[in-house]
Amino acid sequence: MTEEEALRAAFARAAEEGPVVGLVNNAGAVHHRRSARLTTAEFEAVMRLDATAVMVGCREIRPHLIAAGGGLIVNIGSFYARLGVPGALAYCAAKAAVGAITRCLAVEWAPEGIRALCVAPGYIETDLNREALAGQELHERLMTRIPLRRYGRAEEVGRLVGTLFEGGMDFMTGTTLTIDGAHGIAE
């Protein structure tokens with residue numbers, strides 16, 4: 001995702017197979033380090049994958065979407081974009097940028113028939129984080145903060161994204177849809 005030419009070539013190959021009508025930008029990584037110790041290189045690496053690659057992916061898919069008569073871009077953000085999370089400055093900043101990228105492109109590209117949406121998951125249990133989320137201290141803390149008292153499932157995020165592509169919501173663009181069990185709004 002951080003190699004522009006490779007991304008451009010992958011999109012061109014996909015377009016050879018038929019019209020490209022959408023993109024889901026789902027690459028990302030978290031780098032936990034307290035802000036006072038966060039190096040510029042670490043910050044830039046997270047921004048490069050979690051935000052810059054989103055912008056590049058959107059820019060490079062645009063000609064293919066125009067050729068297809070329009071389409072949908074779904075950028076995967078995070079509910080962290082609205083939070084202050086100790087040790088997650090780079091991730092929070094990058095995911096906030098994803099929301100801003102989505103809003104700007106929605107406004108700029110609407111006349112071309114291109115819509116842009118952001119999906120912002122909360123704590124979603126995956127193979128990558130299952131062990132960490134099962135840790136007693138973290139699990140207990142999160143279960144007191146997530147009103148649904150469970151983690152989300154990847155399938156739930158996938159169903160939401162799939163629903164956005166099914167059609168019927170063609171007037172929706174430029175917004176962020178949060179899927180976090182009400183964690184981000186709980187007191």
message = Among (1) of a type in the set (A, V, I, L, M, F, W, C); (2) within 25 Å of ALA186 (Cα to Cα); (3) touching a Ser or Thr at 6+ places or on another chain (Cβ under 6 Å), there is one condition VAL161 misses while meeting the rest; what is its number?
response = (3)
task = Just give me the residues in the stretch 1-29 being over 17 Å from the mean Cα position of the chain (by Cα) and of a type outside the set (A, V, I, L, M), in sequence order.
result = GLU3, GLU4, GLU5, ARG8, PHE11, ARG13, GLU16, GLU17, GLY18, PRO19
note = Looking across the stretch 30-42 at residues that are under 19 Å from PHE79 (Cα atoms) and surrounded by 15 or more Cβ atoms within 10 Å (Cβ to Cβ), the single one that is nearest to the chain's Cα centre (by Cα) is VAL30
inquiry  = I need the full set of residues from the stretch 43-55 which are open to solvent by less than 70 Å² (accessible area, probe 1.4 Å), out of contact with any Ser or Thr (no Cβ under 8 Å at 6 or more places or on another chain) and aliphatic (A, V, I, L, M), in order please.
reply    = ALA45, VAL46, MET47, ALA51, VAL54
query = Consider GLU60 against the criteria (1) under 18 Å from PRO121 (Cβ atoms); (2) among the charged types (D, E, K, R); (3) open to solvent by less than 70 Å² (accessible area, probe 1.4 Å): it satisfies all of them except one. Which criterion is unmet?
reply = (1)
note = For the stretch 123-137, the count of residues that are loosely packed, with under 13 Cβ neighbours inside 10 Å and either touching a residue at least 40 places away in the same chain (Cβ under 8 Å) or not in a loop (DSSP other than H, G, I, E, B) (or both) equals 6
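The values are calculated or read from the model by the stated rules, or taken from the named source; none is laboratory data. Only a predicted model underlies this, so the values are computations on that prediction, with no experimental measurement involved. Neighbour counts run over all protein chains shown; Cβ positions are idealised from the backbone, glycine included. What goes into the accessible areas is simple: the full protein's heavy atoms, side chains included, and nothing from ligands, DNA or RNA. Shrake-Rupley method; radii C 1.70, N 1.55, O 1.52, S 1.80 Å.
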